[in-house]
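Okay, so here's the structure we're looking at.
The values are calculated or read from the model by the stated rules, or taken from the named source; none is laboratory data. Bear in mind that the values here come from a model prediction, so they are computed numbers and not experimental data. Neighbour counts run over all protein chains shown; Cβ positions are idealised from the backbone, glycine included. We work out accessible area using only protein heavy atoms, side chains counted, and drop any ligands, DNA or RNA first. Shrake-Rupley method; radii C 1.70, N 1.55, O 1.52, S 1.80 Å.
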Amino acid sequence: MKSWLNRSLLFLFASLLLTGCEKDEDKAVVREGTAPVLTASATSLLLTEEEAASEALTLSWNDADFGYKAAAEYWLEIDTAGDNFVKPYSVSLGNTREKVYTVEELNTLLTKLKYTPEEAHDVAIRIKATVSDLINPVYSGAETVSVTTYSTYVEPTFVYVPGDYQGWSPETAPSLISVEDNGIYQGIISFNNKDNNLKFKITAGRSWETNYGGGSAAGTLAVNGPDLSVPAKDSYRITVDLNTMTWTAAKYSWGLIGDATPGGWDKDTDMVYDNEAGVWKLTTNLTAGKIKFRLNDDWGTNYGENNGDNVLEAGGADISVAAAGTYEIVLDLENEDETATYTITKK
């Protein structure tokens with residue numbers, strides 16, 4: 001009887017202890033702190049490129065109070081005024097209590113968040129304070145700042161690559177682009193039309209008036225210098241730096257491989273880069289079978305298709321060719337980091 005009573009008392013004590021723990025934990029989860037108070041140094045800003053290095057906006061706030069001594073982490077949240085921070089931009093500011101933006105920094109951030117330049121936008125800003133996963137975060141009141149950003153768009157510039165592969169015509173030659181107009185030009189050129197003469201030059205415009213050839217040392221350029229050349233018939237990513245008068249050509253060649261292709265699984269059938277359309281193209285005879293795309297005749301980078309939707313995946317499954325015939329194949333890698341696609345059309 002005594003043993004039974006002891007066991008009952010022990011069970012009751014353990015139950016009370018567990019219940020107390022659960023209640024304490026529940027209290028921790030719902031515990032609320034006192035939010036920080038945010039102050040913005042301005043309510044209206046007109047950002048200009050001429051003042052890029054100047055201070056534009058200072059955000060400051062006091063410590064949040066969670067009822068006990070702990071280091072809070074503060075997060076900056078930005079949203080369009082009226083959107084109620086449903087999907088805000090959020091970045092950790094550590095345990096600091098001030099954030100200073102220069103004109104350039106704030107303009108870059110709002111451009112990244114896709115606010116249209118040269119237009120005023122009401123932007124809501126608040127501070128979130130956190131201290132533990134078991135304690136709810138607290139939020140400052142929102143400060144609304146009207147901000148007009150400036151455009152950072154730079155008109156790209158081009159040079160051109162006439163050569164034997166296209167008839168030495170600057171008027172129709174493919175281009176290299178300098179996206180930031182900084183004197184550095186890059187593009188893909190396919191030297192696939194002739195076997196023996198792989199020479200070319202660089203022209204500043206659609207004429208021979210200003211042209212660049214080889215300099216006194218390998219990889220250098222000189223005005224009106226001798227013809228440049230690539231080592232073999234293939235496609236290359238060409239980089240020209242007119243600041244240092246240098247150039248490079250790195251093999252960058254996509255091809256088709258598989259038992260449906262003329263080379264089978266042993267040899268790529270090279271595609272040609274269409275500089276104007278920004279895609280790789282190939283018209284060739286295929287048999288019924290399988291194909292894949294690969295880079296630089298190597299399996300290190302190859303694309304196949306897993307879902308039958310013409311969207312390619314790195315290392316994906318072989319692509320089926322149902323019937324023999326002449327096909328035009330187009331490979332679009334313009335958004336290679338996001339989505340690579342292809343089409344295969346029987347002629």
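Before moving on, here are some points about what is shown:
- Rolling a 1.4 Å probe across the protein heavy atoms gives the chain an accessible surface of 56 Å² per residue.
- Spin-label pair residue 81/residue 281, simplified geometry with 7 Å Cα→Cβ offset, distance in nm: 5.2
- Efficiency of FRET from Cβ geometry, residue 133 and residue 193, R₀ 51 Å, rounded to 0.05: 0.20
- Pairs of C-alpha atoms in segment 95-232 farther apart than 22 Å represent 60 percent of all such pairs.
- Between the helical axis of 2-30 and the longest alpha-carbon principal axis of the chain there is an angle of about 60 degrees.
- Reference-scaled alpha-carbon Rg (2.2 N^0.38 Å with N residues) for segment 192-253: 1.11
- Extension gain for residue 299-residue 153 works out to 48.7 nm (0.36 nm per residue, less the C-alpha to C-alpha distance).
- Accessible carbon and sulfur surface of the chain relative to its total accessible area, %, 1.4 Å: 50
- Expected 222 nm ellipticity per residue - DSSP helices of 4 or more, -39500 (n - 2.57), all of the chain, to 500: -4000 deg cm²/dmol
- Cα-only radius of gyration and Dmax that characterise segment 75-120, units Å: 11.8, 34
- Computed from label points 7 Å out along Cα-Cβ, the spacing between residue 233 and residue 311 is 3.8 nm.
- Compactness of the chain as Cα Rg over 2.2 N^0.38 Å, two decimals: 1.56
- Over 19 Å [Cα-Cα, segment 295-347], rounded percent: 29
- The label point for residue 251 and the one for residue 112, both projected 7 Å from the Cα toward the Cβ, are 3.8 nm apart.
- A Förster radius of 35 Å combined with the Cβ-Cβ distance from residue 34 to residue 121 puts the calculated FRET efficiency at roughly 0.70.
- Legend: Rg and Dmax of segment 250-312, from Cα coordinates, 11.8, 34 Å.
- Extension gain, residue 210-residue 89: 0.36 nm per intervening residue step, less the Cα-Cα distance, totals 38.8 nm.
- Stretchable slack from residue 274 to residue 43, in nm (0.36 nm times residue separation minus alpha-carbon distance): 78.1 nm
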